[in-house]
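Bear in mind that the values in this text are calculations on the coordinates, not laboratory data. If you're wondering where the values come from, they're calculated on a predicted model, not measured in any experiment. Neighbour counts run over all protein chains shown; Cβ positions are idealised from the backbone, glycine included.
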Amino acid sequence: MSLGARRGAKQGDLPLTAEINVTSLVDVAFTLLVIFIITAPVLQGGIEVAVPEGEVTSISSQDDPFIVSVDAAGTIYVGETPVDREVFAEAFPRLLNAAGADMVYIRADEGAVYGSVFHVITTVAAAEGVRVYGLVGEQIPAPRR
């Protein structure tokens, strides 16, 4: 008795082939790739801050730095969370300890209110546990030849 006869196949039936149609699988993969390429820039969060240009060096840190931002309206952000000026002065040392960070970078919009930026700088400088803090700027583009 042959293998086909044991499984109930008749002699006139066509043999079964177990092949996967990869064409539709590739189509789906490419469609998802295009969707992710289009939506990835939209999903990037962050606070829009036009930092001033200057002679700066790039940030080289193994850990994620603790970032405080000040936008053009003078709103203070810890990460991406807006914080009131008085609340920032009280909560910053606790937030810094909770994050376990010793490096703080201040991103301030070039059109930001000077008082808000100065308040952030003095609060960060006075906080216990801050080893390094600095202002974030954009590197001046090289002149074209």
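Summary table
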{"read-out": "Under Karplus coefficients 6.51, -1.76 and 1.60, residue-wise ³J(HN,Hα) of segment 67-83 in Hz, glycine/proline x", "value": "10, 10, 10, 10, 8, 4, 7, x, 6, 9, 10, 9, x, 10, 9, x, 10"}
{"read-out": "Hull shadow area, averaged, segment 76-118 [alpha-carbon convex hull, nm²]", "value": "3.3"}
{"read-out": "Residues with amide H under 5 Å from that of Val113, placed H, sequence gap 5 or more", "value": "Gly74"}
{"read-out": "Label point distance in nm, Gln139-Val26, each placed 7 Å from Cα along Cα→Cβ", "value": "4.0"}
